[in-house]
1. Considering the stretch 215-230 alone, what residues qualify as being loosely packed, with under 13 Cβ neighbours inside 10 Å and of a type outside the set (Asp, Glu)?
2. Conditions first: (1) under 22 Å from the mean Cα position of the chain (by Cα); (2) open to solvent by 40 Å² or more (accessible area, probe 1.4 Å); (3) closer than 19 Å to Ile207 by Cβ. Arg175 passes all but one, so which condition is the exception?
3. Are any residues in the stretch 1-33 of a type outside the set (Ser, Thr, Tyr) and assigned to a loop (DSSP other than H, G, I, E, B), and if so, which ones?
4. If the requirement is being more than 20 Å from the chain's Cα centre (by Cα) and under 20 Å from Leu247 (Cβ atoms), which of these qualifies: Ala225, Ala218, Ala233?
5. Residues Thr82, Thr104, Thr86, Thr91: which one is in contact with a Phe, Trp or Tyr (Cβ under 8 Å, 6 or more places away or on another chain), closer than 15 Å to Ala253 by Cβ and either modelled with pLDDT of 95 or more or crowded, with 21+ Cβ neighbours inside 10 Å (or both)?
6. Scanning for something open to solvent by less than 10 Å² (accessible area, probe 1.4 Å) and not acidic (Asp, Glu), does the stretch 196-205 turn up at least one residue?
7. Please report, ordered by residue number, the strands (runs of 3 or more DSSP E) entirely within the stretch 173-264 with at least 3 residues that are more than 28 Å from Thr61 (Cβ to Cβ).
8. Of the residues that make up the stretch 32-47, is at least one of a type in the set (A, V, I, L, M, F, W, C) and either open to solvent by 20 Å² or more (accessible area, probe 1.4 Å) or in contact with a Cys (Cβ under 9 Å, 6 or more places away or on another chain) (or both)?
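The values are calculated or read from the model by the stated rules, or taken from the named source; none is laboratory data. This one's a predicted model, so the numbers in the text were calculated from it and none came from an experiment. Note that each Cβ is placed from the backbone with ideal geometry, even for glycine, and that neighbours are counted across all protein chains shown. Surface areas here come from the heavy atoms of the whole protein model, side chains and all, with no ligands, DNA or RNA. Shrake-Rupley method; radii C 1.70, N 1.55, O 1.52, S 1.80 Å.
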Amino acid sequence: MRILAAVLGSPIAHSKSPLLHRAAFAALNLASSEYSRYEIGSEELEGFLDSHIDHTGFSLTMPLKDRLVTLAAERGWNLDETAALTAAGNTLVRHRGEVQVANTDVEGIVRAIAPHRESGPAAADGAGAGRATILGAGATAASALVACRDLGIAHVDFRVRSPDRARRVLDLAERIGLTASVGDLTWIGPSEIVVSTLPAEAAPDPIWDDSFAPGAIALDVAYAADSTFLAAAAAHGLRPVAGTAMLVEQAVAQFEMFLAAARADGPTTTETLPTSQAVPAADDLTARVTAAMYAALEVPPVRAQD
């Protein structure tokens, strides 16, 4: 079995996707698999995909996520719920003549936050119960919003510099059955979950409410070495989650899609592989791939017992 994949975007030299996916290949002894990177602009995407039909799939980053969803609609490709709702796709896979587009950032946020909720004190009965705060209103904020729904949140407060830009996420909140409000970036109120989707260089310095319940969690999707946002969150009693957790978890979800496609298309099954190359069962596979990706970044994975 062989996976041929790559990350596409512009700029792309900084991407950690090759490091993560190659670590997964090594963990599963998929020695013939390859993962590359290509500098691709929006106007080049369609032609590039048509000329690389041998690839199992692709990871896509800026500025291609919106274009991929538009292209999927034009081509009649399968859009999963995450890509359809957020109007952004970061994953394309091909199998058995079908093309599927997904947004694994949603699953990445869920997987990054969920272990902390399971292992720490519950914030569900304290101030901000059932509420989340999201800083920003762009494509990643839309992913965070859908993730909040999947985590059982009922209301999201968007904190933005320009309220006019929040229309997209407010409409999405209504579509998925959440209530939402909008405010500026000067204040963060009590919430179970606070997610910053802002670039590290755009991190605000808001006033934090003093009534956050024990167990509240803060995630910074930017994976800068030092997050002033997370430092402030921790100072106010929130459990900080680094952006590397989302980075790894969305990549694990992507890799699972690549692997499933390769297994569906390839004639080789687990039973016919040598023992040293056998693909483990689903739970063990996810654990092994996740551990390998975190190790590649030299960051320990989060587990429910931590």
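1. Ala225
2. (3)
3. Within the stretch 1-33, the first condition is being of a type outside the set (Ser, Thr, Tyr), and the residues that meet it are 1-9, 11-14, 16, 18-31.
Within the stretch 1-33, Met1, Arg2, Ile3, Pro11, Ile12, Ala13, His14, Lys16, Leu28, Asn29, Leu30, Ala31 meet the criteria.
4. Going through Ala225, Ala218, Ala233 in turn, the sole match is Ala233.
5. Thr91
6. Yes, the stretch 196-205 has at least one match.
7. Working: elements: 179-183, 193-196, 217-220, 239-241.
Because the criterion is at least 3 residues that are more than 28 Å from Thr61 (Cβ to Cβ), the strands (runs of 3 or more DSSP E) in the stretch 173-264 that meet it are 179-183.
8. no
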